[in-house]
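Worksheet: the structure to be examined is printed underneath.
The values are calculated or read from the model by the stated rules, or taken from the named source; none is laboratory data. Given the structure is predicted, the values throughout are model-derived calculations rather than measurements. Don't worry about glycine lacking a Cβ; one is built from the backbone with ideal geometry, like all the others, and counts go over all protein chains shown.
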Amino acid sequence: MELIEKVTNAVEPALNDMGYDLVRVSVQGTTLQTLQIMAERKDRRDMTVDDCSKISQTASALLDIADPFAGKWVLEVSSPGIDRPLVKPADYERFTGKQAKIELAHEINGRRRFKGILKGFKDGFVIMDFEGQTIQLPFNDIDKAKLTFPEDIFNNKKGVQ
């Protein structure tokens, strides 16, 4: 069983019971591995430091029992933030109408990277408005995906003289 799957199986049921959705589990590093657990509240309110602390304490205890790591590791708990990763098919439905960047493992018509407006998810494909056309990207071929913001959101000079 893969490490990510072991960690997910160990912590996800408890997080669900506590009122959190597991967004993503990732592991970085080789000598000292850092385990990142990204979660959000089921009620969609903002995550607080207390939320992260509760998740950290619970996950740490569960992982001490499950013992999925060989050697030392560090636990990091975070919320998704403004550039939220898109991981599950439901994410593409939930964030329909939002701008996203998607990177595929393989090229489609000479491209691997797409930036556009999400239009949903259907039959194993992410539907996106890309450069004025509706395209379908195979979910199983997505390497990375995240929400983004239009470039002008941070460059708004309205009111500046």
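Details
- Looking across A100, A105, one residue alone is within 16 Å of the chain's Cα centre (by Cα), in contact (Cβ under 8 Å) with a residue 24 or more places away in the chain and not assigned by TED's automatic domain parsing to the domain that holds N16. It is A100.
- Exactly one residue among A90, A39 is among the small types (G, A, S), under 25 Å from D143 (Cβ atoms) and either touching a strand residue (DSSP E or B) at 6+ places or on another chain (Cβ under 6 Å) or crowded, with 17+ Cβ neighbours inside 10 Å (or both), and that residue is A39.
- Any chance I65 is exposed (fewer than 14 other Cβ atoms within 10 Å of the Cβ), aliphatic (A, V, I, L, M) and in contact with a helix residue (DSSP H, G or I) (Cβ under 9 Å, 6 or more places away or on another chain): yes
- Residue tally, condition out of contact with any strand residue (DSSP E or B) (no Cβ under 6 Å at 6 or more places or on another chain) and either part of a strand (DSSP E or B) or surrounded by 15 or more Cβ atoms within 10 Å (Cβ to Cβ) (or both), over region 119-134: 4
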